[in-house]
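See below for the structure under consideration.
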Amino acid sequence: MEKSDQIFEIQDNLFYLDTYAHNMSGAIGILIFRSGGESVVFDSGMPNSVDNILKTVKKLGVEADSVKYILLTHRHIDHAGGAAFLLEGFPKASVGTHPFSTGALSNPSKIYDGGRELFGEYATPMKPIQNNKMKTLNDLEEIQVGQEIVHAIYTPGHTSDHIAYYIRSSKILYCGDVVGSFNSVRGSIHPTCMYPSFNYEKYKATMTHIREMDLEGLVFPHFGYVLGRRNVRDLLEKSLCAHMRLERIFRENVSRMDSSRLLNELKVALTDATEIFPVPVREKAAKLMARGFIEGSVCEG
């Protein structure tokens, strides 16, 4: 892994950028892919990270007019929040998104309200995206980037509108939040089962699909990436194990604990999953993920 300031070069023409969201390193990253004079940006970060993103993209030598798409994984503010602002810096770009997301992105007040509930003052207002600047993506749609193809793959679980992006030539998947958050120092994966959008059964179905894919790498917005088939396989297994741990806590306690005690048990289990958040909101994040697992799970105690 080559690092220069906030830029990690994964491969030729594939770059991972630390957005320094919340004034933190290692909280939110985005991906840039270039081919044949065209570029795409995967996710857009928080609204107040855009200036930093644009400066970093310029440092990479990416021409603003070369950016063809901003490809969003889902509607949450830490992934879609900066999209409208990035369009101002990338005037020829369109925003690629799930059909479910278009209404929310054209009137993002609910997205912002949800972001404000979690992030507090770290969330700043979003701007609407005009419908003529959005491209709805079908499942398995092929997106041409220069001489390369990127596949949009529906991957519900974290949210109903979640899309992962598969770069065919390198067999790398930008997986959004559906697999979980990644701690590259410890090599660990943590659930991102955020209330109210998480669905456990859909997560498991998506993981079955991802495990069947021909993958040489995974890229995580939270935070970093891994290369190599064995590393990919190990992380996918760790994701399933982390969610199964929550399921065991749920099953063992749902019939003998009141809801507040069960929530607290899951909060404790999710402590490490909050490291991607600013310290003042970690307690809130753990609570929302614990509630998300309870309400998004179809397990029976």
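The values are calculated or read from the model by the stated rules, or taken from the named source; none is laboratory data. Remember, it's a predicted structure, so these values are computed and weren't measured experimentally. Cβ placement follows ideal geometry from the backbone for every residue including glycine, while neighbour counts extend to all protein chains displayed.
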Quiz item: Considering 178, 219, 185, 226, which residue is of a type in the set (A, V, I, L, M), over 21 Å from residue 289 (Cα atoms) and surrounded by 22 or more Cβ atoms within 10 Å (Cβ to Cβ)?
Solution: 219
Quiz item: Within the bounds of the stretch 272-289, is there any residue that is of a type outside the set (Val, Ile, Thr) and farther than 21 Å from residue 116 by Cα?
Solution: yes
Exercise. Count, please, the residues in the stretch 13-69 that happen to be without any contact (Cβ under 8 Å) to a residue 40 or more places away in the chain, under 16 Å from residue 123 (Cβ atoms) and among the hydrophobic types (A, V, I, L, M, F, W, C).
Key: 1
Quiz item: Does residue 81 count as closer than 13 Å to residue 53 by Cα and in contact with a Pro (Cβ under 9 Å, 6 or more places away or on another chain)?
Solution: yes
Exercise. Consider residue 173 carefully, then state whether it is at pLDDT 95 or above and over 15 Å from residue 40 (Cα atoms).
Key: no
Quiz prompt | Selection within the stretch 21-59 - assigned to a helix (DSSP H, G or I), touching a Leu at 6+ places or on another chain (Cβ under 8 Å) and among the hydrophobic types (A, V, I, L, M, F, W, C) | solution = 50, 53, 54, 57
Self-check item: Residue under evaluation residue 239, criteria (1) among the small types (Gly, Ala, Ser); (2) loosely packed, with under 12 Cβ neighbours inside 10 Å; (3) touching a strand residue (DSSP E or B) at 6+ places or on another chain (Cβ under 6 Å), criterion not met
Solution: (2)
Quiz prompt | residue 133 on the phi > 0 side of the Ramachandran plot and either touching a helix residue (DSSP H, G or I) at 6+ places or on another chain (Cβ under 8 Å) or of a type outside the set (A, V, I, L, M) (or both) | solution = no
Exercise. Select from the stretch 177-199 the residues that are within 12 Å of the chain's Cα centre (by Cα) and of a type in the set (S, T, N, Q) and list them in ascending order.
Key: 181, 192
Quiz prompt | Residue ID - farthest from residue 240 (Cα to Cα), chosen from residues in the stretch 175-190 that are out of contact with any Gly (no Cβ under 7 Å at 6 or more places or on another chain) and assigned to a strand (DSSP E or B) | solution = 183
Exercise. Could you list all residues from the stretch 80-104 that are within 19 Å of the chain's Cα centre (by Cα) and either without any contact (Cβ under 8 Å) to a residue 24 or more places away in the chain or within 21 Å of residue 195 (Cβ to Cβ) (or both)?
Key: 80, 81, 98, 100, 101, 104
